[in-house]
Amino acid sequence: MKLSDLISKWIDVEPSKNAQIILRDRYFMKDLDGNYLETKWEDVARRVARVVATAELLNPSYKKNEKLDRIKEWEDTFFRVLKARIFIPNSPTLFNAGLGVKHDLLWKPIDQMTLEDYEEIYRSRNHLHMLSACFVVPVGDSIEEIFEAVKEYALITKVGGGVGSNFSELRPKGSFVAGTHGKASGPVSFMHVFNSAISVVKQGYRRRGALMGILNINHPDIEEFIDAKKENTGEAVLNFFNLSVGFPMDKKEILKLYEEDGELELSHPRSTIRKKVKIRELFRKIATNAWKSGDPGLAFLGEMNKYYPLYPHRKINSTNPCGEIGLSDYEACNLGSIDVAKFYNNGFVDLEALQELVQIAVRFLDNVIDVNVFPIDKITKAVKESRRLGLGIMGFADLLYKLEIPYNSQEARDFAANLMAFIALHAHRTSYELGKEKGNFPLLEISRYRTEDNFVPFAMGMSNYDDEIREVMKMTKEFRRNVALLTIAPTGSISNIADTSSGLEPNFLLAYTRFVTKEDGTKEPLLYVNQVLREKLNPEILKRIEKELIEKGSLKDIPDVPEKIKKVFVVALDIDPMDHLLMQDAFQRYVDNNISKTINMPQSATVDDVLNVYLEALRTNVRGITVYRDGSLQTQVLTKALK
């Protein structure tokens, strides 16, 4: 099937009632008096497509007399893809595209648009026109650097971005400070300052502030950091931060040290404080806290830099709040996700249409860089130098349901690897074509694409496309538009807009309540029942079990449901934690950025179970890991439907 046929199938399908509630509450543009300028998804799709298409004004390959027609063609292409909800960019793009622009230009009929109209849109973007989701800001060791970073956090958060930092530059608690003849209070104390600042700013008041705090495992304050959210119930302690322990070294070194029951020296270059701790004790402390509260996770920074095309000239020290993008200092990334469930066609995935969409999505995300307005000049410079993108997927669990493949099977993992490899192949090939058409990313000269033979920015080893990928990587020595292209994000709200499952995650439950934070800070419960199950299960059986399904969320313990249906329609807590991890590994082998994935564990899981997942993660290709034991926080985004 051609992409145009697939779009025709979906373009007139309206978002569900739940999706409409989310759109109206958070995404529809309003005027200064709070009146809605948008009333339907089509309005959002038109606004975003038009603004992103104006980046084609900068295309050096267009002749002046063809520019208007080409911009209109791209606007129409982007609009149709967005309207059909087969690809949706990250929330800041939906929130902020068109801010500062005259309203009548955003929804003017496309046949009436002039070149001057597009130029005016491009010129009039204001300081809030920030379309990226992910940022990393360095935090230095002086009081001036720390509070400069607090200011930068506030500026980014105000326009809807999530920020991450590695706090390992800060000297440990009790270290001598020459300037004041006092003692340092340590990184954890300053993290509370960042948390307080963000609690005031929030994210443009349209989404909750989101931060990532990382401290390297060899920092002398690592034990205090691991315990920082020990008493957390979901809202109380460092509530805007996700925490991760950073591993700047090779994972194999840590695994070897663990297996030998070795000691790790904790030290800092600007402190005399030094101590040795048993690596097993540290891991148990991490596992105990994650068992209690979900924090901290593990961030394998060494693994990220191993595949980073600009290493060692640039270094990844932190990730964004959900961990799907590792970034060097002041880098940012804009994300977008393909709803792969919509590419199901009579028992197969429509690869012809998917290839076409990947090409369009890469161009769309690359254009976003050129229409972005960042709040800090250092971010603009870093982004333009590397042109990092984050194209990912959503709808994977629903696609497996349609294909009747159990998530927790080798068949599903092989399918995942081949699906992501296919996307990777065509994303990198498109970056090559865009490099020829629009110019290379400025740092290509020093990148490992140029300087290393056979460099590939991910591990591979599981797909039928590995040889083709190697050939494409060789091609991109000469032309390449982007340093990296792929990620898999959580896709919380945008997967709700698309009426599909989140990211690569299994469905949390087949029926559940999602609490959405409204503008006034209150939480609104939205009820979901999986649509694919409605299509696959005999209506009489569904009617008979509906009440029990809403209470339990899973088919596992419900009689009268055919075993084949139970086997396919697994949910997060039906799946063994190791199967979660192996699925993350299968995808990460073909993703050049990182992946956001939760290793869901039942409430009955033990600290040793968490520890075993960590050790297995060290043996795989994953670049980070987050575990969550069901019920360990009082505040969960997803819960079973209320009885």
Filter result for C333 (open to solvent by 10 Å² or more (accessible area, probe 1.4 Å), touching a residue at least 12 places away in the same chain (Cβ under 8 Å) and under 30 Å from K151 (Cα atoms)): no
Cross-chain or 6+ apart pairs with Cβ under 7 Å, region 407-419 first and touching a residue at least 12 places away in the same chain (Cβ under 8 Å), then open to solvent by 50 Å² or more (accessible area, probe 1.4 Å) and part of a helix (DSSP H, G or I): R413/L582
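Say we look at region 170-198 and pick out the residues that are hydroxyl-bearing (S, T, Y) and either assigned to a loop (DSSP other than H, G, I, E, B) or free of Cβ contacts under 8 Å to residues at least 12 places away in the same chain (or both); which of these is surrounded by the most Cβ atoms within 10 Å (Cβ to Cβ)? Working first, answer last.
Quick first cut of region 170-198, residues hydroxyl-bearing (S, T, Y) only: 175, 180, 185, 189, 196.
Adding the requirement that they be either assigned to a loop (DSSP other than H, G, I, E, B) or free of Cβ contacts under 8 Å to residues at least 12 places away in the same chain (or both) leaves 175, 180, 185, 196.
Values: S175: 20, T180: 9, S185: 17, S196: 12.
Top of the filtered list is S175.
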Residue count, region 616-629 (criterion: assigned to a loop (DSSP other than H, G, I, E, B) and not aliphatic (A, V, I, L, M)): 4
Unmet requirement for I565, which otherwise passes all of (1) under 20 Å from Q603 (Cβ atoms); (2) β-branched (V, I, T); (3) at pLDDT 90 or above: (1)
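Which one is least open to solvent (accessible area, probe 1.4 Å) among residues in region 33-86 that are over 27 Å from the mean Cα position of the chain (by Cα) and among the aromatic types (F, W, Y)?
Initial filter on region 33-86 (over 27 Å from the mean Cα position of the chain (by Cα)): 33-37, 39, 57-73.
Now narrow it down to the ones that are among the aromatic types (F, W, Y): 36, 62.
On the way: Y36: 75, Y62: 20 Å².
By that ranking, first place goes to Y62.
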Conditions (1) at pLDDT 95 or above; (2) buried (at least 19 other Cβ atoms within 10 Å of the Cβ); (3) of a type outside the set (V, I, T); (4) within 30 Å of A55 (Cβ to Cβ): number failed by F167: (4)
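Can you pull out the residues in region 1-26 that are of a type in the set (D, E) and open to solvent by less than 70 Å² (accessible area, probe 1.4 Å)? Quick ask: steps written out before the conclusion?
Residues of region 1-26 that are of a type in the set (D, E), as a first pass: 5, 12, 14, 25.
If the condition is that a residue be of a type in the set (D, E) and open to solvent by less than 70 Å² (accessible area, probe 1.4 Å), then D25 is the only one that fits.
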All positions within region 111-125 that are of a type in the set (S, T, Y) and loosely packed, with under 11 Cβ neighbours inside 10 Å: T114
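Would you point out which residue out of H103, H127 is modelled with pLDDT under 95 and either over 18 Å from D370 (Cα atoms) or not basic (K, R) (or both)? Steps first, answer last, please.
Working: H103 fails: modelled with pLDDT under 95.
On inspection, the qualifying residue turns out to be H127.
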Any hit, region 14-32, residues being in contact with a Lys or Arg (Cβ under 9 Å, 6 or more places away or on another chain), at pLDDT 95 or above, under 20 Å from R123 (Cα atoms) and not in a helix (DSSP H, G or I): yes
The lone exception for T491 - which of (1) at pLDDT 95 or above; (2) in contact with a Ser or Thr (Cβ under 9 Å, 6 or more places away or on another chain) it fails: (1)
Residues of region 323-355 satisfying the condition of being at pLDDT 95 or above, within 20 Å of S447 (Cα to Cα) and assigned to a strand (DSSP E or B): G326, L327, A332
Boolean, I565 is in a helix (DSSP H, G or I) and either under 22 Å from D398 (Cα atoms) or open to solvent by 20 Å² or more (accessible area, probe 1.4 Å) (or both): yes
Matching residues in region 364-419 - criterion: being touching a Ser or Thr at 6+ places or on another chain (Cβ under 9 Å) and among the polar types (S, T, N, Q): N367, N372, S386, N418
Of all residues making up region 439-495, the number that are small (G, A, S) and within 21 Å of the chain's Cα centre (by Cα): 6
Condition met for V613 (part of a loop (DSSP other than H, G, I, E, B) and buried (at least 16 other Cβ atoms within 10 Å of the Cβ)): no
Selection from region 410-457 of residues that are over 22 Å from A361 (Cα atoms), out of contact with any helix residue (DSSP H, G or I) (no Cβ under 8 Å at 6 or more places or on another chain) and polar (S, T, N, Q): Q410, S447, T451
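Restricting attention to region 477-492, which residues are in contact with a Phe, Trp or Tyr (Cβ under 9 Å, 6 or more places away or on another chain) and either of a type in the set (F, W, Y) or buried (at least 22 other Cβ atoms within 10 Å of the Cβ) (or both)?
F479, R480, R481, N482, V483, A484, L486, I488
Please work out if F396 is open to solvent by less than 30 Å² (accessible area, probe 1.4 Å) and closer than 30 Å to S554 by Cβ. Give the steps one after another, and end with the answer.
Numbers: open to solvent by less than 30 Å² (accessible area, probe 1.4 Å): yes; closer than 30 Å to S554 by Cβ: yes.
Criteria met by F396.
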Qualifying residue in region 462-470 (condition: in contact (Cβ under 8 Å) with a residue 12 or more places away in the chain, farther than 23 Å from T620 by Cβ and of a type outside the set (S, T, Y)): yes
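Tally up the residues in region 305-327 that are over 27 Å from R208 (Cα atoms) and open to solvent by less than 40 Å² (accessible area, probe 1.4 Å), please.
Here is the first cut: in region 305-327, the residues over 27 Å from R208 (Cα atoms) are 305-315.
Next, from what is left, pick out any that are open to solvent by less than 40 Å² (accessible area, probe 1.4 Å): 305, 307-310.
Residues in region 305-327 being over 27 Å from R208 (Cα atoms) and open to solvent by less than 40 Å² (accessible area, probe 1.4 Å): 5 in total.
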Positions within region 497-511 being under 15 Å from the mean Cα position of the chain (by Cα) and open to solvent by 10 Å² or more (accessible area, probe 1.4 Å), in sequence order: S502, E505
Residue within region 435-450 that is under 18 Å from I369 (Cβ atoms), crowded, with 22+ Cβ neighbours inside 10 Å, in contact (Cβ under 8 Å) with a residue 60 or more places away in the chain and not charged (D, E, K, R) present: yes
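Taking the stated definitions as given, is K292 touching an Asp or Glu at 6+ places or on another chain (Cβ under 8 Å), more than 21 Å from S502 (Cβ to Cβ), touching a residue at least 12 places away in the same chain (Cβ under 8 Å) and open to solvent by 10 Å² or more (accessible area, probe 1.4 Å)?
Details: touching an Asp or Glu at 6+ places or on another chain (Cβ under 8 Å): no; more than 21 Å from S502 (Cβ to Cβ): yes; touching a residue at least 12 places away in the same chain (Cβ under 8 Å): yes; open to solvent by 10 Å² or more (accessible area, probe 1.4 Å): yes.
When the stated conditions are applied, K292 does not pass them.
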Lone qualifier among I405, I423 - being among the β-branched types (V, I, T), closer than 30 Å to F508 by Cα and within 19 Å of the chain's Cα centre (by Cα): I423
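For region 414-431, what are the residues that are touching a Phe, Trp or Tyr at 6+ places or on another chain (Cβ under 9 Å) and either of a type in the set (A, V, I, L, M, F, W, C) or crowded, with 21+ Cβ neighbours inside 10 Å (or both)?
The first filter runs over region 414-431 and keeps only residues touching a Phe, Trp or Tyr at 6+ places or on another chain (Cβ under 9 Å), leaving 416-425, 431.
Correct list: A416, A417, L419, M420, A421, F422, I423, A424, L425, S431.
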Selection status of G347, of a type in the set (G, A, S) and surrounded by 24 or more Cβ atoms within 10 Å (Cβ to Cβ): no
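Is it the case, given these coordinates, that G262 is open to solvent by less than 40 Å² (accessible area, probe 1.4 Å), modelled with pLDDT of 95 or more and over 19 Å from N166 (Cβ atoms)?
Details: open to solvent by less than 40 Å² (accessible area, probe 1.4 Å): yes; modelled with pLDDT of 95 or more: yes; over 19 Å from N166 (Cβ atoms): yes.
Considered against the rule, which asks whether it is open to solvent by less than 40 Å² (accessible area, probe 1.4 Å), modelled with pLDDT of 95 or more and over 19 Å from N166 (Cβ atoms), G262 comes out as yes.
In the set D366, D370, which member is farther than 29 Å from K306 by Cβ and either in a helix (DSSP H, G or I) or modelled with pLDDT under 95 (or both)?
D370
The values are calculated or read from the model by the stated rules, or taken from the named source; none is laboratory data. Given the structure is predicted, the values throughout are model-derived calculations rather than measurements. Heads up, the Cβs are rebuilt from the backbone with ideal geometry, glycines too, and the neighbour counts pull from every protein chain shown. The area values use the complete protein model at the heavy-atom level, side chains included, leaving out ligands, DNA and RNA. Shrake-Rupley method; radii C 1.70, N 1.55, O 1.52, S 1.80 Å.
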